[in-house]
Amino acid sequence: MRFPGAAGRLVPKLNFRVEYQYKDERGILLPVALRYADRETDFFARVDTGASFCIFQRLHAETVGIVVESGVPTRISTVTGGFVAYAHQVALGVLGIEVEATVYFAEDHAMPRDVLGQTGWLDRMRLGLVDHDRQLYLSHYDDAAEE
Amino acid sequence: MDVTLQPEIERMVLDRVQSGEYSSTSDLVNTAVKNLLEDEHAAMLMPESGKPDLKSLELAKDAPANLEWLHRNRAAYMGEWVALHKGRLIAHGTNGLDVFHAAQSQGINPPLMHHIVPEDAVSWGGW
């Protein structure tokens, strides 16, 4: 942890590529464009810094032609139990920034959540958040960071 | 090859040469052009990661209208998949794939797909 003066300089001021005002009061919902081969599907996903992976509903895989069970299976644990999901390589476009990522699609059609988690999305981004104002700032990690 | 520099750039070049950073104007210009072309080449070879994505930017611009539609109509379509486009309902039903294809057949490709489920009405505890 770095405090002003403690390391001989101030905490850096960061630059961001995009500023986005989110509306939903039950979470931070971002519109996602998921691409696989030449096909795309769009949906809202929740930013979840506590989620290890990006996990999406099975339907989104099916709409772009992914055979869900052809991916590597993984058991995803949650506070209420768990479920099986399959890993696939896709492109994720969020707020104008596209990344290639390994994401997970739930085996069960009934799993109703779409989550942008740490591995695959958060770990490629620089994210700023002022929840009081419902304001989110986003850059790709490789963008110039400091002013 | 004759190259005419803009006066401001010419001044910067001469300053650098006079400071001894470069041995001559040719040295500086050659170095600068080489770096520029190499950077462009490197950018072309870069992986897709982080590239600008105009379609998802457009999707973000439509998000408030789509969220507004969901906020107003959630109860009426509970349990269904809805296909939205710019705040307009394109198709709906309990079979998501059918809904997606119905929207495509109306020329919306892709629609924004959303599954309206009762859990959305309660607080989310995270994973």
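Residues in segment B:62-99 that are in contact (Cβ under 8 Å) with a residue 12 or more places away in the chain and charged (D, E, K, R) were compared, and the one that is farthest from A:HIS60 (Cα to Cα) is B:GLU68. The condition of being closer than 26 Å to A:ALA144 by Cα, touching a Cys at 6+ places or on another chain (Cβ under 6 Å) and at pLDDT 95 or above does not hold for A:GLY93.
Taken over segment B:105-118, the residue count meeting the criterion of being within 18 Å of B:GLU58 (Cα to Cα) and surrounded by fewer than 24 Cβ atoms within 10 Å (Cβ to Cβ) is 4. If the condition is being in a strand (DSSP E or B), farther than 15 Å from B:HIS115 by Cβ and within 12 Å of chain A (Cβ to nearest Cβ), then segment B:62-89 contributes only B:HIS85. Residues in segment A:29-63 that are among the small types (Gly, Ala, Ser), closer than 21 Å to A:LEU129 by Cβ and more than 7 Å from chain B (Cβ to nearest Cβ): A:ALA45, A:SER52. All of (1) modelled with pLDDT of 90 or more; (2) more than 16 Å from the chain's Cα centre (by Cα); (3) at the interface with chain B (Cβ under 7 Å from one of its Cβ atoms) hold for A:LYS23 with one exception: (1). Only one entry in A:ALA85, A:ALA61 is surrounded by 17 or more Cβ atoms within 10 Å (Cβ to Cβ) and farther than 27 Å from B:PRO52 by Cβ, namely A:ALA85.
Inspection of segment A:88-98 identifies at least one residue that is in contact (Cβ under 8 Å) with a residue 24 or more places away in the chain and over 18 Å from B:ASP53 (Cα atoms).
The values are calculated or read from the model by the stated rules, or taken from the named source; none is laboratory data. Because the structure is a prediction, the values reported are computed rather than measured. So basically every Cβ, Gly included, is an ideal-geometry build from the backbone, and we count neighbours across all protein chains shown.
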